[in-house]
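**Q** My questions all concern the structure below.
Only the coordinates and a few stated rules stand behind these numbers; no lab work does. Note that the structure is a prediction, hence the values are computed from the model and not measured. Here the Cβ is made from the backbone with ideal geometry for all residues, glycine too, and neighbour counts use every protein chain on show.
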Amino acid sequence: MAKPHHLTDAEFQSVVIESQIPVVIDFWAAWCGPCRMIAPIIDEMANEFEGKALITKIDVDNNPGVASKYGIRSIPTVLIFKNGEVVDQIIGAVPKSQIVERLQAHL
């Protein structure tokens, strides 16, 4: 069973920007209640989209660089990247169907 890739600031360029497939990034923190609500959704998506999209998570407390670069002020925030560019943004705890639908538009 695939799991989300735990991303760091240091590997952002090679993992996200240079990816040949769309990348979903869940910006989260351990203390964030709504982040814990969508964590199982992100876990399920990692398995369901294996090979079609890269599902990742980045802890904003331990990796503030990427969050700062993309102006993340509220978590959870999910960004969808395609060809190294942000193509969609979802803020807050939303139903799985909404995240999946937005991702499928970029596959």
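**Q** How large is the helix-only mean residue ellipticity at 222 nm for the chain, computed as the sum of -39500 (n - 2.57) over DSSP H runs with n ≥ 4, divided by its residue count, in deg cm²/dmol to the nearest 500?
**A** Details: 3 runs with 31 residues, N = 107.
When only DSSP H runs of four or more count, the value is -8500 deg cm²/dmol.
**Q** Show me the trypsin sites (Lys or Arg not before Pro) within region 13-105 that DSSP assigns to loop and that have at most 16 other Cβ atoms within 10 Å of their Cβ.
**A** On the way: sites: ARG36, LYS52, LYS57, LYS69, ARG73, LYS82, LYS96, ARG102; in loops: LYS52, ARG73.
Hits after loop and neighbour filter: LYS52, ARG73.
**Q** Quickly work out the TRP31-to-HIS106 label distance, labels modelled 7 Å from Cα along the C-beta direction, and quote it in nm with one decimal.
**A** 2.9
**Q** Would you mind calculating the gained length between VAL87 and TYR70 on full extension (0.36 nm times residue separation, minus the Cα-Cα distance), in nm to one decimal? Let's see the in-between values first.
**A** Details: separation 17, 0.36 × 17 = 6.12 nm, distance 1.23 nm.
Gain in length upon complete extension: 4.9 nm.
**Q** Give the residue list of chymotrypsin sites (Phe, Trp or Tyr not before Pro) in region 12-66 that are DSSP loop and have at most 16 other beta-carbon atoms within 10 angstrom. If you can, show how the numbers build up before the last one.
**A** Details: sites: PHE12, PHE27, TRP28, TRP31, PHE49; in loops: TRP31, PHE49.
Sites meeting the loop and neighbour criteria: TRP31.
**Q** Over the residues of region 5-104, compute the C-alpha Rg and express it relative to 2.2 N^0.38 Å. Before the final figure, lay out each step's value.
**A** Working: Rg = 12.1 Å, N = 100, 2.2 N^0.38 = 12.7 Å.
That works out to 0.96 for region 5-104.
**Q** Can I ask one more? Applying the Karplus parametrisation 6.51 cos²θ - 1.76 cosθ + 1.60 with θ = phi - 60° to the phi angles of region 50-59, what ³J(HN,Hα) value in whole Hz is obtained for each residue in order, glycine and proline being reported as x?
**A** Result, rounded to whole Hz: 3, x, 9, 8, 9, 9, 10, 9, 9, 6.
**Q** So what are the ³J(HN,Hα) numbers for region 5-14, from phi and the Karplus equation (6.51, -1.76, 1.60; θ = phi - 60°), rounded to whole Hz, Gly and Pro as x?
**A** 7, 8, 7, 10, 4, 5, 9, 3, 4, 6
**Q** Loop-only check: which GluC sites (Glu not before Pro) in region 34-107 are DSSP coil with at most 13 other Cβ within 10 angstrom?
**A** Values: sites: GLU44, GLU48, GLU50, GLU85, GLU101; in loops: GLU50.
Here the sparse-neighbourhood loop sites are GLU50.
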